[in-house]
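Everything below concerns the one structure shown next.
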Amino acid sequence: IPIPPTWKEPIQRFLKSFFGITGESIYCDVDGYADANSKLKPYDKITLRYFKEEQGGYTSLTENIQSGTDCLLQSEYELALKYFTLHESFVKENIEEIRDISNICLKDLLKKLDDITLKIELHYSKAVCLKHLQDSIGAINEYNVAWGYYEKVRDICNMDDTQHEKEEGVSRLKKYQKYIKNKSQKIINGLMDMYYDTRQYDEIIRMVKILAEPKDKNERSNVLTLKSTMIREAFCLKAMEEFISYNKEKKTQKKKKLIKLPTYMDKSNQPYYHVLNLYFDCIIDILYSKKYDSSKDSYKKLENGIIDKKKNQDEYNNSSFYSKWNFTDIEYYLEKIEKIDKKKFTCLKDITARTKDFENFVQGKVHIEAW
């Protein structure tokens with residue numbers, strides 16, 4: 001792609017300011033470092049540019065949150081965390097929940113939204129910093145605080161803004177509605193990542209249940225199916241964890257009650273979900289069976305399910321847009337089961353390979369519109 005010479009400097013400045021992309025970050029070997037910090041390009045530590053020591057510490061209150069965001073975008077997480085923590089101390093602490101939004105004037109509503117959305121943004125940003133600093137518990141706490149503030153204003157998203165259409169500031173209210181909706185999804189995604197990282201499967205189940213369902217009927221059935229499948233996977237992961245724990249300490253542990261998967265209702269046109277749930281049934285069956293092989297009902301159902309779904313070409317249409325699944329957590333436990341029970345590991349590895357093979361088949365069939 002030809003780039004005019006006059007464009008290069010502003011492009012480089014933009015990449016450095018917002019994404020932390022510099023010659024040093026791209027060419028990070030010894031030669032690259034020497035070139036990026038040559039005689040004509042003296043070394044400039046990013047931290048010193050933000051933390052203005054010559055002015056006696058941090059900049060003004062209004063600049064703190066912007067500086068923190070700049071540091072966050074450039075992966076200066078510890079410094080960003082300092083800015084956000086300092087700024088938080090100046091923000092109103094006791095924020096009441098916004099109730100009865102129909103009887104509040106727009107001016108007062110926007111003033112309250114200013115306080116709450118700032119709190120949401122601060123705690124969300126702190127959570128992102130802590131996540132990158134490998135402090136999972138701290139990140140979870142900050143995400144939960146951000147979620148608590150979101151719950152104070154969640155009704156704003158469903159608010160009918162026509163009652164304020166003649167008042168000044170209605171466009172600002174619409175922006176707040178969009179912000180709150182988008183940020184709530186980011187908080188949930190962040191929490192889910194942290195709960196998976198810390199193996200808190202009960203919390204994953206809780207979070208999945210509170211996920212909002214779309215208004216569109218066709219999309220709603222797909223989302224319900226996704227939620228159901230995620231919950232069943234979390235139960236499977238709990239069962240695998242308990243199986244490993246029990247077999248490691250057989251002498252000291254009493255055998256726990258078997259985990260039963262919740263009933264799966266296949267209400268959407270999603271062939272991959274159907275196979276995934278048969279796969280989860282197989283996992284539970286393998287873990288709790290003394291002897292497991294291809295003669296078992298759950299294995300036959302998975303095998304026949306894959307064959308049937310491959311034959312039925314009508315199911316591969318635009319509604320089949322969930323065709324990828326993350327097997328990282330299952331594979332994490334598979335490695336541990338291999339050391340405990342080779343036979344069960346072989347069976348689990350077999351059905352996992354079959355399911356992944358079907359995933360590749362589905363991805364090849366799903367029609368993706370050219371953008």
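The values are calculated or read from the model by the stated rules, or taken from the named source; none is laboratory data. Since the structure is predicted, the reported quantities are computational estimates derived from the model, not experimental observations. As a convention, Cβ positions derive from the backbone with ideal geometry for all residues, glycine included, and neighbour counts pool all protein chains shown. The protein model used for the area step is the full one, side chains on, heavy atoms only, and it has no ligands, DNA or RNA in it. Shrake-Rupley method; radii C 1.70, N 1.55, O 1.52, S 1.80 Å.
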*Identity of the residue in the range 244-258, modelled with pLDDT of 75 or more and open to solvent by 20 Å² or more (accessible area, probe 1.4 Å), that ends up nearest to the chain's Cα centre (by Cα)*: 245
_Any hit, the range 137-152, residues being open to solvent by less than 10 Å² (accessible area, probe 1.4 Å), in a helix (DSSP H, G or I) and aromatic (Phe, Trp, Tyr)_ = yes
*Go through (1) at pLDDT 65 or above; (2) over 26 Å from the mean Cα position of the chain (by Cα); (3) surrounded by fewer than 16 Cβ atoms within 10 Å (Cβ to Cβ) one by one and return the number of the condition residue 85 breaks.*
(2)
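Quick check on residue 209: is it charged (D, E, K, R), modelled with pLDDT under 90 and surrounded by fewer than 20 Cβ atoms within 10 Å (Cβ to Cβ)? Before the answer, list the steps.
Working: charged (D, E, K, R): yes; modelled with pLDDT under 90: yes; surrounded by fewer than 20 Cβ atoms within 10 Å (Cβ to Cβ): yes.
In short, yes.
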*asked:* Suppose the filter is at pLDDT 90 or above, under 22 Å from residue 238 (Cα atoms) and not basic (Lys, Arg); does residue 346 pass it?
replied: yes
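Residue by residue through the range 357-371, note down the ones that are surrounded by 13 or more Cβ atoms within 10 Å (Cβ to Cβ) and modelled with pLDDT of 65 or more. Before the answer, list the steps.
Taking the range 357-371 first, the residues surrounded by 13 or more Cβ atoms within 10 Å (Cβ to Cβ) are 358-359, 361-363, 365-366.
Result: 358, 359, 361, 362, 363, 365.
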*Any residue in the range 11-27 that's assigned to a loop (DSSP other than H, G, I, E, B): show its pairings with residues that are modelled with pLDDT of 75 or more and open to solvent by 100 Å² or more (accessible area, probe 1.4 Å) at Cβ separation under 9 Å, as long as the two are six or more apart or on different chains.*
21/12; 22/12
_Here's a check for you: in the range 4-28, which residue that is β-branched (Val, Ile, Thr) and under 16 Å from residue 70 (Cβ atoms) is surrounded by the most Cβ atoms within 10 Å (Cβ to Cβ)?_
22
